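Enquirer: Got a structure for you, questions after.
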Amino acid sequence: MTTDLNQHLETANQYIGRQYNEELRAELANKTGLAVRPRGIGFIMTKDYNPARINLVVENEMITHVTMGN
């Protein structure tokens, strides 16, 4: 992972513990300039791999984990 992507991951990790909503997703996308996608029950999952995408793992409406790519 490039330095820039690591910095974006660090930024995204600051959202762990916050309640997920579309405004928060858009805020993170604007802040990083990357695609941001929620993952978890109730969200559509695709099989495409994009190393420059931030995935927000959402459980019980809370962001519990952040990954890049998958």
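The values are calculated or read from the model by the stated rules, or taken from the named source; none is laboratory data. What you see is a predicted model; the values in this text were computed from it and never measured. Counting neighbours? That spans all protein chains shown, and the Cβs are built from the backbone with ideal geometry, glycine included.
Enquirer: Restricting the search to region 1-10, which residues are part of a loop (DSSP other than H, G, I, E, B) and closer than 13 Å to residue 66 by Cα?
Expert: Hits for region 1-10: nothing passes.
Enquirer: Working only within region 38-66, note down all residues that are touching a helix residue (DSSP H, G or I) at 6+ places or on another chain (Cβ under 8 Å) and either closer than 18 Å to residue 7 by Cα or of a type in the set (Lys, Arg) (or both).
Expert: 51, 52, 54, 56, 66
Enquirer: Return only the number of the condition from (1) without any contact (Cβ under 8 Å) to a residue 60 or more places away in the chain; (2) surrounded by 11 or more Cβ atoms within 10 Å (Cβ to Cβ) that residue 8 does not satisfy.
Expert: (1)
Enquirer: Additional query: Going by the structure shown, is residue 55 in a loop (DSSP other than H, G, I, E, B), under 13 Å from the mean Cα position of the chain (by Cα) and among the polar types (S, T, N, Q)?
Expert: It is false that residue 55 is in a loop (DSSP other than H, G, I, E, B), under 13 Å from the mean Cα position of the chain (by Cα) and among the polar types (S, T, N, Q).
Enquirer: I need a count of the residues in region 11-44 that are in a helix (DSSP H, G or I), surrounded by fewer than 17 Cβ atoms within 10 Å (Cβ to Cβ) and among the hydrophobic types (A, V, I, L, M, F, W, C).
Expert: Looking only at that region, the number is 3.
Enquirer: Which of (1) crowded, with 16+ Cβ neighbours inside 10 Å; (2) modelled with pLDDT under 90 is the odd one out, the single condition residue 1 does not satisfy?
Expert: Condition not satisfied by residue 1: (1).
Enquirer: Moving on. Does residue 50 fit the bill of being out of contact with any Phe, Trp or Tyr (no Cβ under 9 Å at 6 or more places or on another chain), surrounded by 14 or more Cβ atoms within 10 Å (Cβ to Cβ), at pLDDT below 95 and in a loop (DSSP other than H, G, I, E, B)?
Expert: So residue 50 fits the description; yes.
Enquirer: Is there any pair with a first residue in region 35-64 that is over 14 Å from residue 22 (Cβ atoms) and polar (S, T, N, Q) and a second that is at pLDDT below 95 and assigned to a loop (DSSP other than H, G, I, E, B) whose Cβ atoms are under 8 Å apart and which are 6 or more apart or on different chains, and what are they?
Expert: Matching pairs, first to second residue: 50/69; 55/69; 55/70.
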